[in-house]
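The values are calculated or read from the model by the stated rules, or taken from the named source; none is laboratory data. From a predicted model like this one, the values you see are computed outputs, not experimental measurements. Counting neighbours? That spans all protein chains shown, and the Cβs are built from the backbone with ideal geometry, glycine included.
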Amino acid sequence: MDLSNGLPRKELSVWLALLLIALALPSFSPPYVVLSVTSIYMYVTLAVSWTIFCAPTGYVSLATATFFGIGIYVLALLGKTLPLPLVIFLGGVASLFLGILVGLICLRLSGFYFAVFTFGLSELIRNSVLWWEHNITGTVGRWIPSGSAGKVYYSMLIVVTITVITSYLIGRSKYGLALKGIGESEEASEHIGINVTLHRIGLFAVSCFFMGMAGAAMGTKFSYIDPNSAFSPLISFTPVLMSLFGGVGKGYGPILGAFILTFISELLLSRFPYFYTLIYGIIFIVVILFMPKGLAGVLTRTEQA
Amino acid sequence: MGFLEGNKVSKHFGGLAAILDLDFRVDQGGIIGLIGPNGAGKTTLLNLISGSLPPSSGEIRFKGEVISGLKPHLICKKGIARTFQSVKLFGNITVFQNIFLASVYGGARDFRKFDCKKRIEELLEFSGIASKSGVLARDLRIVEQKLVELTRALATQPDLLLLDEVIAGLNPAEIALACKMIKQISDRGITIIMVEHVMSVIMSMSDRIIVLNHGEKIADGSPEEISKDRKVIETYLGEDAPC
């Protein structure tokens, strides 16, 4: 049920305009730009789905790579036999189920232990797949059916749009409010009738669903994957950095953060291939020290001033 | 069949018995005061009834159903609400949203969407905090926070309300205000069990008082009986009890 007024018409038209530009982009841009924008969409999806769960509950998940990688592997296994939209959906479903399982096991842990657990989990899965490929199938990595740049672009655009809209709707629903309540006082929440465990696991699974879809959609960009790239720890950490950079207090924070940081890293990577991570790191330290609420926090302050 | 019944309820923390083989029975209606020295097990008892803690042994029945061992959110749906010794509001959302959450989740029994807003406004009116509806809960004064917490508990449509030191930390005028509200809640037919340390308040508000000491019931009766009880005077009230 809505408690606040709907999205202001002005904001809505900005979003619609962005969507129109996004739809038309491949027709007037060189392939390089299309590919870069595709990875921006990927990081926006990951950052937003990470924030769906982690911002209201205060839990820090470091298992994004796991759910993303599951999506890629679903594509690798089923991509040749099933149509792409179905594969992307199944990539999400596989992550959703793993998310429920992980949730049942470890959402009883308190925040700090949860972060360590999820990180351990993602390393465990990466190494298990590596071991499996090495010892059982006797291969390293797999070929995946790849799509054209346009196909990857539009798949990713659809995934990111669904993710952002869902995140917005959850934030406005009674579930979103209940989750904020749980984040503030678990005890008070359960005593007013909120099923804390169910809400947490449900939300965690939803956020995993989008990560899995992102993996399956993005996988078509690579023609070959191996566990080290599919489950790379960087995929777990980057969305966290992006969300914090953008600010998790506002819905558009993670979108902005993912957008700008992906853009910056693409730029740095091409201009300063040797100093790329160094500059990236410095930017991040500065943000954490001077903008604890991220870009969104700074923007809100300027608005109020 | 009693309204709320405890049968040989015990709660151990390690080797320490916070509640020991406690039998109790509360009938519907009225205000029941729960008193006793620090560490007597008052808050533990409220935690056991509301489901924050499972009892180590024994069982608690509410309206004939065994509720001990149930999760708090289920106990809430059965009609038991509570407040906390230190206020536990959702600080970063508005007062209205605090009450809203309680009424959609706790009062799900006859929840109808379109009534919801009106009902919340009535509740806020009833508690005298209607003007604070849009304020973030953390920005309220302590007495207002306590009133919001009471209102939030009410919004779950309870039959039994457990109050843990609602008036602690309030000044005399605020105490009077809170007491008036508690009386009004009781007049609505909601049974109240309140833990309180201010004797004058507990004596004047309660219809019946239960006294705990070291997890055991040492007295149970009307305020007059309690104030004359030898054991209670020795362990808790002291010789010149303020009543």
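Every test in (1) part of a helix (DSSP H, G or I); (2) without any contact (Cβ under 8 Å) to a residue 12 or more places away in the chain; (3) within 13 Å of chain A (Cβ to nearest Cβ); (4) farther than 24 Å from A:G171 by Cβ is passed by B:L150 save one, and that test is (2).
Given the condition among the aromatic types (F, W, Y) and part of a helix (DSSP H, G or I), answer yes or no: does some residue in the stretch A:253-273 qualify? There is at least one residue in the stretch A:253-273 that is among the aromatic types (F, W, Y) and part of a helix (DSSP H, G or I). Just one of the listed residues (B:I80, B:I67, B:I99, B:I75) is hydrophobic (A, V, I, L, M, F, W, C), within 14 Å of chain A (Cβ to nearest Cβ) and surrounded by fewer than 22 Cβ atoms within 10 Å (Cβ to Cβ), namely B:I67. Those helices (runs of 4 or more DSSP H) of the stretch A:95-201 in which at least 2 residues are of a type in the set (K, R), considering only elements entirely within it, cover A:149-172, A:174-184. Inspect all residues belonging to the stretch A:169-181 and state whether any of them is among the polar types (S, T, N, Q) and more than 21 Å from the chain's Cα centre (by Cα). No, the stretch A:169-181 contains no residue that is among the polar types (S, T, N, Q) and more than 21 Å from the chain's Cα centre (by Cα).
Here the stretch A:274-305 is the region considered, the condition is being in a helix (DSSP H, G or I) and small (G, A, S), and the residue that is nearest to A:F245 (Cα to Cα) is A:G294.
Name the residues in the stretch B:50-64 that are in contact (Cβ under 8 Å) with a residue 24 or more places away in the chain and in contact with a helix residue (DSSP H, G or I) (Cβ under 8 Å, 6 or more places away or on another chain), would you? Across the stretch B:50-64, the qualifying residues are B:S50, B:G51, B:L53, B:P55, B:I60, B:F62. The residue pairs whose first member lies in the stretch A:151-179 and is within 14 Å of another protein chain (Cβ to nearest Cβ), whose second member is among the hydrophobic types (A, V, I, L, M, F, W, C) and not in a helix (DSSP H, G or I), and whose beta carbons are closer than 7 Å, counting only pairs six or more residues apart or on different chains, are A:K174/A:M1; A:L177/B:I93; A:A178/A:I194.
Which residues, taken from the stretch A:88-117, are of a type in the set (S, T, Y) and modelled with pLDDT under 90?
Those that are of a type in the set (S, T, Y) and modelled with pLDDT under 90: A:S110, A:Y113.
Does B:G169 satisfy being among the small types (G, A, S), within 11 Å of another protein chain (Cβ to nearest Cβ) and outside any helix (DSSP H, G or I)? No, not satisfied.
Please determine, by comparing only the residues of the stretch B:1-14 that are in a loop (DSSP other than H, G, I, E, B) and either touching a helix residue (DSSP H, G or I) at 6+ places or on another chain (Cβ under 9 Å) or not small (G, A, S) (or both), which one is modelled with the lowest pLDDT. Don't jump to the end; show me each part of the working.
Within the stretch B:1-14, the subset in a loop (DSSP other than H, G, I, E, B) is B:1-3, B:14.
From the residues that got through so far, the ones that are either touching a helix residue (DSSP H, G or I) at 6+ places or on another chain (Cβ under 9 Å) or not small (G, A, S) (or both) too are B:1, B:3.
Numbers: B:M1: 66, B:F3: 90.
The selected residue is B:M1.
For A:F237, the conditions (1) buried (at least 20 other Cβ atoms within 10 Å of the Cβ); (2) at pLDDT 85 or above all hold with the exception of (1).
Select, from A:E266, A:E303, the only residue that is acidic (D, E) and at pLDDT 80 or above.
Selected residue: A:E266, the only one of A:E266, A:E303 that is acidic (D, E) and at pLDDT 80 or above.
The single residue among B:I120, B:I175, B:I182 that is of a type in the set (V, I, T), part of a helix (DSSP H, G or I), out of contact with any strand residue (DSSP E or B) (no Cβ under 8 Å at 6 or more places or on another chain) and more than 12 Å from every other protein chain (Cβ to nearest Cβ) turns out to be B:I175.
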